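Structure record follows, encoded as structure tokens.
The values are calculated or read from the model by the stated rules, or taken from the named source; none is laboratory data. As the structure is a prediction and not an experimental result, all values here were calculated from the model. Using ideal geometry, Cβ is built from the backbone for each residue, glycine included, and neighbour counts are taken over all protein chains shown.
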Amino acid sequence: MIYFITEFVPKYLPFLLSGALVTLELTFCSMILGIAIGVISAIGAIAGGKVFKFVVRVYVNICRGVPLIVILLFVYFTLPEVGIRLPAFWAGVVGLSFNLGAYLSEVFRAAILAIDTGQMQAGLALGMKRTQIYRKVILPQAAVIALPTVGGYFISLLKDCALVSFISVEELLRHGNYIISATFRSMDTYMLVGLIYYIMSLGAARTITWLEVKLRPAYLRV
């Protein structure tokens, strides 16, 4: 333990933090794209045509039934066979966001359906377009309702990013594996990697709680 604190941590922490930065970049990029996919899929599942609803249902069922690692490997290794070549980082973003969007579509769909339908009718009566009503009235409220669940998925996504090490993304876990290959100190390395993941997850959880406290009163006044 003395060696871990006095020598191992000072020597390898900067290298692991550089990998943690990539993990955070991957998480935020995947979250933004995943939210966009989730919102579009949710609206389509509620107000879209039969074909769109069918496509969304198939998409959600596939992502629920296929392991995330298989989706990542498919994007990274299979898409180049049809001429679509993505850098490892962006292949990870595509795979993670595609999987996340399926789950968030159900979250946002439930949040939208929780809002009184009279608000849509009132907006239409005032001459607003459906897109305006969704953008200015429905979605802001749905976002607040969905925030705790979306926050939980954000933390899960942060930890799921470790899977992209299998497609050569230079993130936190892969940097940890480099250290193990050089030092053979797996216990020390995984302890430090786990501690960094814990700190990032705790910070994310605290931030989400703070946002919920700040935004919830505004929603309740609507």
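Looking across Val222, Val213, one residue alone is over 30 Å from Ala47 (Cβ atoms) and at pLDDT below 90. It is Val213.
Name the helices (runs of 4 or more DSSP H) wholly inside the range 1-76 in which the number of residues that are free of Cβ contacts under 8 Å to residues at least 12 places away in the same chain and in contact with a Leu (Cβ under 7 Å, 6 or more places away or on another chain) is 2 or more. Full working, then the answer.
Working: elements: 9-47, 50-65, 68-73.
Fully inside the range 1-76 and qualifying: nothing.
One residue is enough: does the range 128-147 have a residue meeting the conditions of a type in the set (Val, Ile, Thr) and modelled with pLDDT of 95 or more? Within the range 128-147, none of the residues are of a type in the set (Val, Ile, Thr) and modelled with pLDDT of 95 or more. The criterion of at least 2 residues that are of a type outside the set (S, T, N, Q) and surrounded by 20 or more Cβ atoms within 10 Å (Cβ to Cβ) is met, among helices (runs of 4 or more DSSP H) falling completely within the range 81-149, by 88-113. Restricted to the range 43-61, and to residues there that are within 22 Å of Arg130 (Cα to Cα) and of a type in the set (Lys, Arg), the residue that is surrounded by the fewest Cβ atoms within 10 Å (Cβ to Cβ) is Lys50.
Only one entry in Ile180, Ile199, Ile155 is under 16 Å from the mean Cα position of the chain (by Cα) and of a type in the set (Val, Ile, Thr), namely Ile155.
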